[in-house]
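Everything below concerns the one structure shown next.
The values are calculated or read from the model by the stated rules, or taken from the named source; none is laboratory data. All figures in this text were calculated on a predicted structure; none of them were measured in a lab. In this analysis, Cβ positions are derived from the backbone assuming ideal geometry, glycine residues included, and neighbour counts consider all displayed protein chains. With ligands, DNA and RNA removed, areas are computed over all heavy atoms of the protein, side chains included. Shrake-Rupley method; radii C 1.70, N 1.55, O 1.52, S 1.80 Å.
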Amino acid sequence: MIAKVEPLTPARSLRGPFDYLLAGALEDVGVGSMLVVPFGRRRLLGVVVDVSADSELPLERLAEPIAALEADVPQSLVALGLWVAREYVSTPARGLALVLPPGTGTGAGRPLRPKRSLRAAITPAGEAALRDGVRMGARQRDALEALASAPLGAAALARRTSCTHSTLRSLERRGLIRLENAAEAPRRTVVERVGADARGVSLTAEQQAAFAAIRERLDDPQEPLLLHGVTGSGKTEVYLRSVEAVLERGKAAIVLVPEIALTPQTAGRFVERFGDQVAVMHSRLSQRERYDEWWRMRRGEARVCVGPRSAVFAPFDDLGLIVVDEEHDGSYKQEGDPRYDARTVAERRAAEEGALLIAGSATPRPETMLRCERIELRERVDGRRLPPVELVGMAGTAGPLHESTRQALDEVRRREEKAIVLLNRRGWSNFLSCRACARVWECPNCDVTLVLHRGLGEVACHHCGHREPVPQTCPDCGSVSVARHGAGTEQLERELDELVAPLPVFRLDSDVAAAAGIATVLRRFDEAPAGVLVGTQMVAKGHDFPDVTLGVVLDADATLRFPDFRSEERTFALVAQLAGRSGRGERGGRVIVQALDPSAESLRLASRHDSEGFLEAELRRRELLGYPPYGHLIRVVCSSVEPGPEVEAATAVKELVAAAGVPALGPAPLFRRQARHRAQLVIRSPERVPAITAVREAVEAVAATRAHGGASFAVDVDPQ
Ligand code: ADP
Ligand code: ZN
Ligand code: ZN
């Protein structure tokens with residue numbers, strides 16, 4: 001047999017797959033196995049992407065692999081990894097690294113052990129049992145029949161029949177088969193807890209109807225579903241029932257959530273309901289723990305994977321359901337290469353593997369609205385109305401808080417209640433300038449201003465992490481008068497401290513998250529009898545605090561001032577999501593939204609909780625402009641240390657793309673970032689595959705040209 005092996009090397013130029021001859025001990029190797037192979041004088045790690053009977057090369061010229069490693073990635077995932085590589089214009093190695101056991105990708109330090117080739121052979125007693133029709137389970141019988149003709153490796157046997165390691169162990173105990181080279185004792189047995197706690201709540205009529213519609217689809221998924229439910233409508237409970245139904249059908253489920261640290265409650269509810277059958281892939285896990293969880297799923301001990309975007313690659317080979325919770329969340333897009341979108345990958349995976357996809361949100365994206373069949377939850381579980389939202393204009397107001405906001409916060413103080421205040425800007429001040437010569441403090445690596453972080457005593461760049469001590473004097477003119485402009489969460493925290501004292505104020509942004517930990521801050525706020533939570537968009541994620549009576553959004557139209565076709569969508573979602581955090585308890589609640597221009601359409605719609613109306617208007621606008629979901633965007637950013645090569649490279653790419661019949665806009669200069677000059681091309685095309693292909697070929701061609709050696713390339717399909 002011939003194994004087609006894709007080498008796991010970051011080099012773009014070394015592109016497989018390459019053929020290797022499988023013989024002897026390695027005959028059990030199949031698609032998804034990892035091999036150490038000779039390559040010239042080197043040894044490389046590679047993944048088997050195909051196995052075939054013949055090769056284009058003469059057999060005697062083929063080398064044999066040096067060793068096989070324990071990996072055993074499901075075949076469907078190998079295909080998915082390669083698809084991600086193509087779809088997001090990356091390399092096969094990077095695509096495959098996503099589906100391998102954690103830590104075994106292109107990087108060093110891999111905790112891989114040599115593959116244990118557990119082989120099974122039928123015994124005379126086993127042959128007799130088959131002949132005499134001795135009673136045994138279907139799996140045991142299937143396995144015995146498969147072994148009747150020849151011994152097989154355990155992995156091959158599992159692929160061919162539904163038998164698991166425990167099937168093999170019981171056959172061995174009955175003396176019907178012999179296992180050789182059995183290295184590992186079986187792990188702890190699975191704790192069956194399905195349904196144990198599920199009787200706790202009875203579904204509302206709306207939840208019941210939603211669940212019924214989902215259950216009907218489980219056996220024949222076809223299109224993906226959108227669970228469009230207002231905040232607090234009990235979507236999570238519907239997911240839990242759906243997962244339970246999938247497990248009952250003997251299949252596995254994936255639940256994608258935004259950053260787990262931000263929404264620990266959701267993951268917790270899955271563990272509570274399904275116990276050890278859940279693998280939670282949170283960011284605090286060590287490499288080793290990730291690796292162990294991967295194998296727990298691969299061996300079928302864990303049947304539900306709850307995690308952020310990378311959980312879409314959970315190694316199940318019998319997937320029945322993928323849930324994407326809070327599907328509007330930006331964290332589903334990966335920022336580094338490959339820049340995949342877990343929502344798109346989930347859709348692909350579900351379609352390929354016959355699983356059902358459910359995307360859920362109170363503020364779904366226009367894309368999802370168009371592509372999915374919609375199920376609605378219009379009411380909050382507790383029957384409460386969504387809180388009234390007041391829009392206030394900031395023109396003529398000095399300081400960050402409007403008079404209405406001050407009064408509302410004062411009321412919270414007097415009545416000893418809870419409030420959440422959102423300002424999507426961390427730090428103390430946006431930027432510093434010299435009062436004498438107007439010098440503005442900028443990052444030496446990026447063309448952006450440095451943000452003052454007073455608590456840390458430094459100014460920092462939010463793009464590259466550069467930091468320096470707070471300036472006392474101006475290096476240009478020597479003046480000691482430095483002005484601070486704009487307010488961030490740090491300054492707001494101080495202001496609120498004074499306003500609501502003696503109530504405590506809790507700050508949540510990535511500065512605090514790095515120090516105290518997100519969960520700690522959320523827990524303190526939850527446990528406090530009264531107080532104010534202030535922070536960036538982190539405070540608007542799916543938390544469920546029943547006693548919040550006031551929500552405030554500051555500078556709500558800041559996002560609208562960015563030239564981006566998604567700014568309307570972001571603004572709407574931010575306000576609607578924060579509104580969802582308020583008024584969940586008996587005391588009800590209200591929301592105040594501060595904006596420079598409170599008449600903006602997306603704010604008005606959000607204030608009426610009208611996501612239906614927003615989506616309709618937004619889809620019309622997108623269609624007119626050819627934006628997603630009616631067109632596809634691809635961004636190509638070329639960069640270089642010296643100015644010049646980045647523009648030349650972008651121009652070269654543009655010409656090649658245009659020659660393939662795909663028009664591109666640009667090159668447009670981007671601000672310098674991480675000490676690199678950048679130029680950007682934007683491709684907007686009604687046709688997806690031809691555009692991606694044209695870009696991939698153009699970038700590969702230009703990157704391979706010596707003349708453009710000074711430039712680097714980053715391709716972003718479906719940029720956020
Ligand atoms: P969503 O995800 O739609 O915002 P959640 O699933 O978080 O809403 O539900 C909000 C709250 O309502 C949670 O505390 C949840 O436990 C509770 N809940 C959900 N379904 C029911 C039900 N059928 N009966 C009573 N409480 C429920
Ligand atoms: Zn100066
Ligand atoms: Zn910088």
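Quick one: which residue in GLU289, GLU293 is open to solvent by 20 Å² or more (accessible area, probe 1.4 Å), out of contact with any strand residue (DSSP E or B) (no Cβ under 7 Å at 6 or more places or on another chain), of a type outside the set (Phe, Trp, Tyr) and farther than 30 Å from GLY589 by Cβ?
Residue meeting the stated conditions: GLU289.
Restricting the search to segment 462-494, which residues are at pLDDT 90 or above and under 29 Å from the mean Cα position of the chain (by Cα)?
HIS466, ARG467, GLY488, THR489, GLU490 - these are the residues of segment 462-494 that are at pLDDT 90 or above and under 29 Å from the mean Cα position of the chain (by Cα).
So is LEU432 over 31 Å from the mean Cα position of the chain (by Cα), within 16 Å of ligand 3 (Cβ to nearest atom), outside any loop (DSSP other than H, G, I, E, B) and at pLDDT 90 or above or not?
Against the criterion (over 31 Å from the mean Cα position of the chain (by Cα), within 16 Å of ligand 3 (Cβ to nearest atom), outside any loop (DSSP other than H, G, I, E, B) and at pLDDT 90 or above), LEU432 qualifies.
Looking at (1) away from ligand 1 (no atom under 16 Å from the Cβ); (2) among the hydroxyl-bearing types (Ser, Thr, Tyr); (3) modelled with pLDDT of 90 or more, can you tell me which one SER286 breaks?
Only one criterion is unmet by SER286, namely (3).
Does segment 429-454 hold any residues that are aliphatic (A, V, I, L, M), under 22 Å from ARG678 (Cβ atoms) and within 16 Å of ligand 2 (Cβ to nearest atom), and which are they?
Those that are aliphatic (A, V, I, L, M), under 22 Å from ARG678 (Cβ atoms) and within 16 Å of ligand 2 (Cβ to nearest atom): VAL440, LEU450.
Anything in segment 419-443 that is under 19 Å from GLY535 (Cα atoms) and out of contact with any Phe, Trp or Tyr (no Cβ under 7 Å at 6 or more places or on another chain)? List them, or say none.
Within segment 419-443, ALA419, ILE420, VAL421, LEU422, LEU423, ASN424, ARG425, ARG426, GLY427, TRP428, SER429, ASN430 qualify.
Does segment 50-73 include one or more residues that are modelled with pLDDT under 90, open to solvent by 20 Å² or more (accessible area, probe 1.4 Å), over 24 Å from TRP294 (Cβ atoms) and assigned to a strand (DSSP E or B)?
Within segment 50-73, one or more residues are modelled with pLDDT under 90, open to solvent by 20 Å² or more (accessible area, probe 1.4 Å), over 24 Å from TRP294 (Cβ atoms) and assigned to a strand (DSSP E or B).
Considering each of ARG425, ARG374 in turn, give the residue that is in contact with a helix residue (DSSP H, G or I) (Cβ under 7 Å, 6 or more places away or on another chain) and either open to solvent by 50 Å² or more (accessible area, probe 1.4 Å) or assigned to a loop (DSSP other than H, G, I, E, B) (or both).
Exactly one of ARG425, ARG374 is in contact with a helix residue (DSSP H, G or I) (Cβ under 7 Å, 6 or more places away or on another chain) and either open to solvent by 50 Å² or more (accessible area, probe 1.4 Å) or assigned to a loop (DSSP other than H, G, I, E, B) (or both), namely ARG425.
Which residue is nearest to ligand 1 (Cβ to nearest atom), if the candidates are limited to segment 400-421 and must be open to solvent by less than 50 Å² (accessible area, probe 1.4 Å) and under 20 Å from ASP557 (Cα atoms)?
Here the residue is ILE420.
Determine whether segment 355-370 contains at least one residue that is over 24 Å from GLY234 (Cβ atoms) and either open to solvent by less than 30 Å² (accessible area, probe 1.4 Å) or more than 27 Å from the chain's Cα centre (by Cα) (or both).
Yes, because at least one residue in segment 355-370 is over 24 Å from GLY234 (Cβ atoms) and either open to solvent by less than 30 Å² (accessible area, probe 1.4 Å) or more than 27 Å from the chain's Cα centre (by Cα) (or both).
Can you report the number of residues in segment 521-548 which are open to solvent by less than 70 Å² (accessible area, probe 1.4 Å), of a type outside the set (Gly, Ala, Ser), closer than 16 Å to ARG425 by Cβ and not in a strand (DSSP E or B)?
Qualifying residue count, segment 521-548: 3.
Would you call LEU226 out of contact with any strand residue (DSSP E or B) (no Cβ under 6 Å at 6 or more places or on another chain) and modelled with pLDDT of 85 or more?
no
From ALA302, ALA279, ALA346, ALA311, which residue is open to solvent by less than 10 Å² (accessible area, probe 1.4 Å), at pLDDT 90 or above, over 18 Å from LYS541 (Cα atoms) and in a loop (DSSP other than H, G, I, E, B)?
Matching residue, one of ALA302, ALA279, ALA346, ALA311: ALA302.
Can you say whether ASP292 is modelled with pLDDT under 90 and under 28 Å from SER162 (Cα atoms), as far as the supplied structure shows?
yes
Being exposed (fewer than 14 other Cβ atoms within 10 Å of the Cβ), among the small types (Gly, Ala, Ser) and within 15 Å of ligand 2 (Cβ to nearest atom): is that true of GLY457 here?
The answer is no for GLY457.
With (1) touching a Phe, Trp or Tyr at 6+ places or on another chain (Cβ under 6 Å); (2) at pLDDT 85 or above; (3) more than 24 Å from SER166 (Cβ to Cβ) as the list, and PRO111 as the residue in question, which single condition is left unmet?
(2)
Would it be correct to say that GLU335 is of a type in the set (Asp, Glu) and either in contact (Cβ under 8 Å) with a residue 40 or more places away in the chain or within 16 Å of ligand 1 (Cβ to nearest atom) (or both)?
No: the conditions fail for GLU335.
Could you please give the count of residues in segment 382-399 that are under 20 Å from LYS541 (Cα atoms), hydrophobic (A, V, I, L, M, F, W, C) and surrounded by fewer than 19 Cβ atoms within 10 Å (Cβ to Cβ)?
Number satisfying all stated conditions: 0.
Could you tell me which of the residues ARG584, ARG604 is buried (at least 23 other Cβ atoms within 10 Å of the Cβ), touching a residue at least 24 places away in the same chain (Cβ under 8 Å) and basic (Lys, Arg)?
Going through ARG584, ARG604 in turn, just one is buried (at least 23 other Cβ atoms within 10 Å of the Cβ), touching a residue at least 24 places away in the same chain (Cβ under 8 Å) and basic (Lys, Arg): ARG584.
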